[in-house]
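Trainee: Right, I'll just put the structure down here and ask away after.
The values are calculated or read from the model by the stated rules, or taken from the named source; none is laboratory data. Being a predicted model, the structure only gives us computed values, none of them experimental. Reconstructed Cβ throughout: ideal geometry from the backbone, glycine too, with neighbour counts over all protein chains shown. We work out accessible area using only protein heavy atoms, side chains counted, and drop any ligands, DNA or RNA first. Shrake-Rupley method; radii C 1.70, N 1.55, O 1.52, S 1.80 Å.
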There are 2 protein chains.
Amino acid sequence: MIPRHPDRDQIRIESVLSALGSPMRLAVVRVLDAGGEHNCGSVLNVLSVTAKSTMTHHWRVLRESGVIWQQPSGRENLLSLRREDLDARYPGLLDTILAGKLSDVAVEAATARVPSGG
Amino acid sequence: MIPRHPDRDQIRIESVLSALGSPMRLAVVRVLDAGGEHNCGSVLNVLSVTAKSTMTHHWRVLRESGVIWQQPSGRENLLSLRREDLDARYPGLLDTILAGKLSDVAVEAATARVPSGG
């Protein structure tokens, strides 16, 4: 069965934001944005996630919001970011969010710095 | 009691996206972004929402994610958008999202057009 994906015009900003408003799902999107061919297993490898079953919900949310393509290929699902559709509907949104995540990482690194020991 | 608000550096992109990934909360943000002084009641008036009690959760999510200030003033809570903080942490994010919502509204209007009768 080919999973349901919204057409480009059926994508809604609230659904995209809600999909990306989860640390795990945003991490998945960062992996896909970095390029390369991915299936569920390879993404989980990159993220060092072992509990595959807990991801079923996340794949569905990402797919049904229009953030990713999830296309059956043999016994696997190939995953890819719908960047063309997202950029067409919401110019700059994805890049702004990915940059925002990098900014968070920098802020966290700065606030996590402990005074250096002697 | 003054409600808890995150400092600017404590704001996280996932929380902001999750807060804005709800039609009602995004509608609230659009009202606040349009300007004017607002409290909970005046926002609900603009949105024609009568069920005040169901909003308690939404105010909390918006506040704790760093999207709005909710400041006690007499018996009311004054509400305002933390645009300065959001623009500082995530340049362009809020405008991109608000523009995205307008784009959705336009797409919905276009797809809702029925053939004109004779």
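Trainee: Can you tell me which residue in the range B:104-118 is most open to solvent (accessible area, probe 1.4 Å), limited to those that are at the interface with chain A (Cβ under 9 Å from one of its Cβ atoms) and at pLDDT below 95?
Mentor: B:Thr111
Trainee: If you take the residues of the range A:1-16 that are open to solvent by 70 Å² or more (accessible area, probe 1.4 Å) and not in a helix (DSSP H, G or I), which of them is nearest to the other protein chains (Cβ to nearest Cβ)?
Mentor: If we take residues in the range A:1-16 being open to solvent by 70 Å² or more (accessible area, probe 1.4 Å) and not in a helix (DSSP H, G or I), then A:Asp7 is nearest to the other protein chains (Cβ to nearest Cβ).
Trainee: Next up: Could you run through the range B:86-103 and say how many residues are part of a helix (DSSP H, G or I), surrounded by fewer than 19 Cβ atoms within 10 Å (Cβ to Cβ) and either facing chain A (nearest Cβ under 7 Å) or touching a residue at least 12 places away in the same chain (Cβ under 8 Å) (or both)?
Mentor: Filtering the range B:86-103 down to residues part of a helix (DSSP H, G or I) leaves B:86-89, B:93-103.
Going one step further and asking which of them are surrounded by fewer than 19 Cβ atoms within 10 Å (Cβ to Cβ), we end up with B:87-88, B:95, B:98-99, B:102-103.
Cutting the leftovers down to either facing chain A (nearest Cβ under 7 Å) or touching a residue at least 12 places away in the same chain (Cβ under 8 Å) (or both) gives us B:88, B:98, B:103.
Qualifying residue count for the region: 3.
Trainee: A further question follows. Within the range B:17-32, take every residue that is within 8 Å of the chain's Cα centre (by Cα) and open to solvent by 30 Å² or more (accessible area, probe 1.4 Å) and give me the one that is nearest to the other protein chains (Cβ to nearest Cβ).
Mentor: Filtering the range B:17-32 for residues that are within 8 Å of the chain's Cα centre (by Cα) and open to solvent by 30 Å² or more (accessible area, probe 1.4 Å), the one nearest to the other protein chains (Cβ to nearest Cβ) comes out as B:Met24.
Trainee: Do we have B:Arg82 as touching a strand residue (DSSP E or B) at 6+ places or on another chain (Cβ under 8 Å), charged (D, E, K, R), modelled with pLDDT of 95 or more and buried (at least 18 other Cβ atoms within 10 Å of the Cβ) here? Full working, then the answer.
Mentor: Working: touching a strand residue (DSSP E or B) at 6+ places or on another chain (Cβ under 8 Å): yes; charged (D, E, K, R): yes; modelled with pLDDT of 95 or more: yes; buried (at least 18 other Cβ atoms within 10 Å of the Cβ): yes.
The answer is yes for B:Arg82.
Trainee: When only residues in the range B:42-54 that are in a helix (DSSP H, G or I) and modelled with pLDDT of 90 or more count, which is surrounded by the most Cβ atoms within 10 Å (Cβ to Cβ)?
Mentor: The qualifying residue surrounded by the most Cβ atoms within 10 Å (Cβ to Cβ) is B:Val43.
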